[in-house]
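Below is one structure; the comments refer to it alone.
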Amino acid sequence: MTDRTRIDFTKALVASGLILYIPANFLPVMNITITGDLESLTIIGGVKELADSGLMPVAIFVFCASIVIPFLKLACMCWLLMMHGSQRLCAPRAKAFQILHQVGTWSMVDIFLLSVLAAVGQLGIMASVEPQPGIIFFAAVLLCTLFAADIYKPRMIWNPSPSA
Amino acid sequence: MKQEPPTDPAPEVEGEVVTTARSGISWAWLIPIIALVATSWLYWNNWKSQGPEITIAFASAPGVDPGKTALIYRGVKAGTVSAIHLDRELNKVVISVRLKAFAAHLAREGTDFWIEQPIISIREIAGLESIIQGNSIHARTQPGGADATNFQGLDEAPLKPLDAPDLVLKLHSSSIPFIGRGTPVFHRGVAVGTVRQKGYSSDGSPEVEAVIDQKYSDRVKSNSRFWIVPATTVSASPGSLSLDIPALEGLLDGSIAFDHFGPAGETLENQANFKLSPHEFAARAEGPPVTIEFEDGTGLRAGETRVTCLGQPVGLIETITTNPTTRRVEAVARLNHHFAPLVTADSEFTIIRPSINQNGIHGLGTLVTGPYIAFDPGKSKEPADTFAGRETRQLDLNLDLIPKVEGGTPVVLWADDLPKVDAGAPIYHHGMIAGRVVEQRTGEDGRPELLASIERKFSDKLLSNTRFWRIPAASLSVGPGVVGVQFPGLSALWQGGIAFDSFGSPGPAASENAEYQIHPNEQTASAISSPIRIVFHNGQGLLAGKTELKYLGITVGIVEKVRVVNKSVEATVRFQTGYGFLRRGGSEFAIIRPEIDLKGVHGIETMITGVYIACAPGSGADFPDSFNAVPPAEPELQNEPGFEIVLKSPSTKIDEGAPISYNNTPVGEVISKKLSNNGKQIILTARIREEHSNLVRSNSVFWDSTRVEAKIGFLKVEIDSPTPLDPSGRIAFHTPDLVGRAVKQNTVFPLQPEQPRDFSDTPVPEKSEKRRSPVFRRR
């Protein structure tokens, strides 16, 4: 795979991520039914719910993990792609990419949590948790960023077109 | 990364590849396109599944949440509530519902919407799923109807959500209790319909609208009779007690049943009118009306009194009217269709009533069921519809008893307020039936009298001073540890009785037709001494006929009369036989009331039994007929000679009567309280009992010990005022161990406001030690 192909793929994936980011955040990710009270939660709705119920640290954690970090990843990838070819700020870009890659390891934690919740939270009429389409989009965003970060190689920061 | 082989000599090939890559758009861009398409498709799909938005107005919309509450049509989610707002006048809730595309046709005229909420009642359990899923809006629709977007919601769920052309009947009655919406309608035990509505017909009588399921509608005939099945019937008869619950649905509310008796009539049109009978028996009594005239209609009840034939109920009194011209009661009866043809010109209708007296019991069944009318079919073939009712022959009790009167001693008993006794009531002597009441009558002077007959063998017990009293039917006696119900005997249980006794006092034998007063109770009767009067200053609690006189705790007499004479209360009392010695001159009488104070509780039993008068016999030789009561027992100190001292204080709450104690032992009392001449001091005169006068020494210290100390846990509460228990306060004094010199009468002592610290009211060894060395202690 040439570096150009890599850049193309990275760009395409980042673009897809940005597109999917919208439904991921606006569609409900899960339906929680507790004693007949159906609660349809989007990601931001879930954060608000957590904050309202007084679990501020958890709310902040989920907010960072689910909204801020995916967005920052996309933004960071955009920045890296825009700076591609330039020789400036090579060290910070490398550092940013390194952090991004490490954080990416944890990015699927939301999906994992929800899948556990949906599996465990089936208490018949008392309570049930159902995943909603939003979570698919959310997972798709994460996959896009993961693949984008994987296809983009840090050496391309310094060596934009080695074989040009 | 592509590893180029170093042996590749063709740079054109490589260039060509690069050119190709640069000229075309990388297929990587398919990914965002797919993402875009997926997102768009999702939104478009979502938009496409939405139907029109409709608004429904409800009077109230409990449990409806925008975004959550669903519109359900035939169990399928057909839409979601998108918004809720109030109308301008604030008297309606307007709900906007976004229909789904497939349910768009619900938005047409004739669609009903209602809010389904759980109904849990005995009659109906509905909407259970809304407990779990929350309330929802339900809809039903009819074919046809133009498109519409604004609807008026129903206030309550219709009983049949999916309408079928059922048979609707109207049932009328003069009153329709407990039947209501949802009451089941049974036909021979099969639930064939329900009551849809309860209301008033155009003429103002109540009616219920019953809906019979279509498949059962041919069961209703033109001659069907409808009746109310009561919720639960308890039927008791000798040897059996049965509880009859028609159906669980009708457990509390009852139900409606119908059937046709006799050949079936024609089937019916919708909206037919029927009469609703109060019970099955009334529904069955459907023969032509028969009028029966009675002289006395006592106990007859329209709709309840039965007509029986050979002991079996065959009909019912429908209406009862009183005819003022003929002065008769006209009862209209209807018989079952089997018996209606038997009503002929020579039929007889006899009213059967209960009759209970000493001679026997007749028609006991009617005690429970009320009177009934016995029907005796005649033999003639000629039909008739008006009859003269016959009465049961009343047994004349007096006829039976007159022989007894002849055989016994007649006595006349009178009372201002005649006891509730009837002819035949027993008269007891020492628990044996000695006679009977023969009749009640009014005497020559207009007072009520009882004529009684005492049997021969008891007539020698009848003396001129014999007392009669009434025995209540049953009496309840309550005492400490004892609650007893007494009734003198089964025959007296019914109406009580009368007893007599002479209480052992001899007297001349009674004359024929002697007259006696009936006393209200045995106590009054047994107090047969001549009355004496006792004058009280305060007669509180005295009750004529109730308050007892007691000597050494034994009841010896009773207060007969209480009246007010010259600002005092005069009680007329009588003693029982054998207690005449209490009437001797010098006898003392005092009212005993409950007393609770710090010194103790006295006469507590009078709180329950009321006050009594305590007696103490005198020693006089005379027998006066009037006494002055002794005022309530006071400590006899006041009259006792004592050692008087004077206490001075600038201010004190101590009052007359305050006890003076030494080492917690009362030794005297304050007998007067006054101001000193210059008005600056309060001077209390106290009297110490003679035997304790040597306790008062020149160095005695007096203080006000009214203060009550209470200790609650760690807190120490001091109440510095006379308590209700101790209204005049208390004084304590102490004399040190090194006694001072003796003092004369009327020596003046200062009254300390509180106990001096050097002193303890109850000296303990250590403290007396300290008291002996005050210098050491002060250091």
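Summary of computed values
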quantity: Sites B:ASN223 and B:ASP65 - FRET efficiency at Förster radius 56 Å, r taken between beta-carbons, to 0.05; calculated: 0.55
quantity: Extension reserve of the B:THR325-B:ILE671 stretch, reckoned as 0.36 nm per residue once the Cα distance is removed; calculated: 116.0 nm
quantity: Expected 222 nm ellipticity per residue - DSSP helices of 4 or more, -39500 (n - 2.57), all of chain A, to 500; calculated: -20500 deg cm²/dmol
quantity: Per-residue average of Cβ from other chains inside 10 Å of A:132-143; calculated: 1
quantity: Ranked order, B:LYS550, B:LYS381 - accessible area, probe 1.4 Å, largest first; calculated: B:LYS381, B:LYS550
quantity: Calculated SAXS-style log₁₀ I(q)/I(0) at q = 0.12, 0.14, 0.21 Å⁻¹ - the stretch A:1-133, Debye, Cα scatterers; calculated: -0.59, -0.75, -1.29
quantity: When each of B:LYS48/B:LYS77; A:LYS11/A:LYS73; A:LYS48/B:LYS77; B:LYS170/B:LYS215; A:LYS11/A:LYS153 is checked by Cα-Cα distance, pairs over 22 Å; calculated: A:LYS48/B:LYS77
quantity: Loop sites in the stretch A:78-164: trypsin sites (Lys or Arg not before Pro), DSSP, at most 16 other Cβ within 10 Å; calculated: A:ARG88
quantity: Spin-label pair A:LEU117/B:PHE503, simplified geometry with 7 Å Cα→Cβ offset, distance in nm; calculated: 9.3 nm
quantity: In the stretch B:88-120, GluC sites (Glu not before Pro) in a DSSP loop with at most 15 other beta-carbon atoms within 10 Å; calculated: B:GLU89, B:GLU109
quantity: Distant-in-sequence amide H partners of B:SER136 (H built 1.01 Å from N, under 5 Å); calculated: B:GLU116
quantity: B:LYS275 long-range amide H proximity, modeled H, under 5 Å; calculated: B:HIS172, B:PHE226
quantity: Residues in the stretch B:201-220 that a label on B:THR267 would reach, taking backbone N under 18 Å of a point 7 Å out along Cα→Cβ; calculated: B:211-220
quantity: Percent of C-alpha pairs per 5 Å bin, the stretch B:22-87, short to long; calculated: 3, 12, 16, 16, 11, 9, 8, 7, 6, 5, 4, 3, 1, 0
quantity: B:ASP416-B:THR291 FRET efficiency (beta carbon distance; Förster radius 51 Å; 0.05 resolution); calculated: 0.60
quantity: Neighbour-limited loop hits for chymotrypsin sites (Phe, Trp or Tyr not before Pro), the stretch B:497-583 (at most 14 other Cβ within 10 Å; DSSP other than H, G, I, E, B); calculated: none
quantity: The stretch A:3-154 - percent relative contact order, Cα under 8 Å, separation 6 or more; calculated: 46 percent
quantity: Average other protein chain Cβ within 10 Å of Cβ, residues B:39-45; calculated: 3
quantity: Spin-label model distance (nm) - B:GLN214 vs B:GLU391, 7 Å beyond Cα toward Cβ; calculated: 6.3 nm
quantity: Cut-off under 5 Å, modelled amide H: who pairs with B:GLU207 long-range; calculated: B:GLY199, B:TYR200, B:SER201
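The values are calculated or read from the model by the stated rules, or taken from the named source; none is laboratory data. Quick caveat, the model's predicted, so the values are computed rather than measured. Cβ sites come from the backbone with ideal geometry, for glycine too, and all protein chains shown count toward neighbours. We work out accessible area using only protein heavy atoms, side chains counted, and drop any ligands, DNA or RNA first. Shrake-Rupley method; radii C 1.70, N 1.55, O 1.52, S 1.80 Å.
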